[in-house]
Structures are given as C-alpha cells and as structure tokens.
1. Report the Rg/Rh value for region 1-113, based on alpha-carbon coordinates and the Kirkwood definition of Rh.
2. What translational diffusion coefficient, in µm²/s and rounded to a whole number, does the Stokes-Einstein relation yield for region 26-69 at 25 °C and a viscosity of 0.890 mPa s, taking the hydrodynamic radius as the Kirkwood radius over Cα pairs?
3. Computed over the Cα atoms of region 116-217, what is the ratio Rg over Rh, Rh following Kirkwood?
4. Please give the solvent-accessible surface of F50 in Å², to the nearest 10, using a probe radius of 1.4 Å with every protein chain present.
5. If I take R0 = 30 Å and measure r between the Cβ atoms of T53 and D120 in this structure, what FRET efficiency does the formula 1/(1 + (r/R0)^6) give, to the nearest 0.05?
6. Work out how much length A9 to L193 would gain on full extension: take 0.36 nm times their residue separation and subtract the Cα-Cα distance, in nm to one decimal.
7. Tell me, rounded to the nearest percent, the portion of alpha carbon pairs in the chain spaced more than 33 Å apart.
8. Taking the solvent-accessible surface of protein heavy atoms with a 1.4 Å probe, what is the per residue accessible area of region 143-217 in Å²?
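The values are calculated or read from the model by the stated rules, or taken from the named source; none is laboratory data. Note that this is a predicted model, so its numbers are computed, not measured. Note that each Cβ is placed from the backbone with ideal geometry, even for glycine, and that neighbours are counted across all protein chains shown. For the accessible areas, the whole protein counts, side chains as well, though only heavy atoms, and no ligand, DNA or RNA atoms are used. Shrake-Rupley method; radii C 1.70, N 1.55, O 1.52, S 1.80 Å.
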Amino acid sequence: NSNDRILNAITTSVMHHEIAESSRMLIQEHIPDAISKEEFTIENVTLLNFNYTNTADRYTGFFNSRTKVEVNHIHGTLENLNNIIFGYGDEMDNHFQELVDLNENELLKNSKSIKYLETDSYKKLLRFMEEGVFQVLLMGHSCGNSDRTLLNTIFEHKNCISIKPFCYNDKNGQDNYSELTRNIYRNFKDKTLFRDRVVDKSLCYTLDGHKLYKHNE
C-alpha cells in the first residue's frame, strides 16, 4: 500500500519560493508561465529508487494523466539478483585516484560507476535530467559518501532547480535537517550552488508531514 503523506509530497506542485535563485531564468525558458504563479507542476517525474524493493512502483498510478512517471531502480531489484549493484561510488574521494593508478582491475570491481554500465538505468537517468528542469525530493536517503559521485551528478546538473530534503524526528522530537544538509554539502563541488539549491529549513517537512521549526523559533 502507498503512504498518503509520501504520496502527497511527491504529487504536490513545486512552490515558487523553493526555486534556486540561479534557476529562475531557466524556469522561464522551460515553463514560461511558471514565474507568474505561486506554484507550478513539472510534468516529467522520475522516482529514483536506491534500495532494492519495488515500493516506489506503488506510487506511479496517482499522478495526473498529463504527468509522465517513470521508476528508475538505479541499483536493481530483488527480483533480478544479477543486476543488483553493491559497492562504493565516491570518485570524489582524495584516495580514489590512488586506487585507479595502482592498475589493479580487481580494486575497481565493485565501483558503482563501472557497475552502472551493466544496465541502462544510469543512461535513463541522464536522459531524464537533460529533458528539462527538475526538483529533487530527498526521502530516506542519507546522502552519504557511498553514492557521492551519482548525487553530485544530479545535484549540480544544470537543470536542477532545487533540492528539498524530507526529514525525520528522533525520539526526543529533534529533526535531522542539519545532519542531512551536512551530508548533502559533501556531494557538492560548487558550494555556492549548494547554498542556492538546497531548500531552507523553514520550507521543509518531516516525512510524516510536520513542518520543521525555523532556526529562531
């Protein structure tokens, strides 16, 4: 079954004040009437699934008929064990080039960048990003270093208009927005883009639909 709160989050229009300042001209180019509205709809959606279940597929039928929706199981699914991708995907690590220079192919056997070439999922993601503007909604991904190369490709893509993290509250009622944004920070080479594209805390929510507290509250 689908989760109503997640469904609401992924089918809601993009709010005008969530857009990165550097993306406003891009929005005008791709969706001319969006600038004059408080919110607008992007009618091309990819549910990029990083785990190995088919949970994301449950949500495809809830979008309006004008929206093109695709689920991309970037790391494969449990139904096809031959295509499952494990391993490490951080080519931005200072020591990664040292592994490359050792000229030992076995060391690169579980590099995600190389494993991505064994299916068409990565190329599908690239095609989606090139087709038009997109907003990233982060749900359940820690944005840790194991996917840093891929996340950098998404986060710094020219068509990315903003990145909106959905958080959770711990048993003491504290949200993890700060921790999550610190992880997101590591996925950026361009720190100016990081500050512009990540949606600020006052506009974010927990996965169960609660608005996060502002810093000064």
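1. Details: Rg = 19.5 Å, Rh = 17.6 Å.
Checking Rg against Rh, the ratio lands at 1.11.
2. On the way: Rh = 12.6 Å.
The Stokes-Einstein estimate is 195 µm²/s.
3. Working: Rg = 14.6 Å, Rh = 14.6 Å.
Here the Rg-to-Rh quotient is 1.00.
4. Using a 1.4 Å probe on the heavy atoms, I get roughly 50 Å².
5. Working: r = 20 Å, r/R0 = 0.67.
The formula returns an efficiency of 0.90 here.
6. Values: separation 184, 0.36 × 184 = 66.24 nm, distance 2.37 nm.
That pair, A9 and L193, stretches by 63.9 nm at full extension.
7. Working: 3947 of 23436 pairs.
That fraction is 17 percent.
8. Numbers: 3980 Å² over 75 residues.
Accessible surface, normalised per residue, equals 53 Å².
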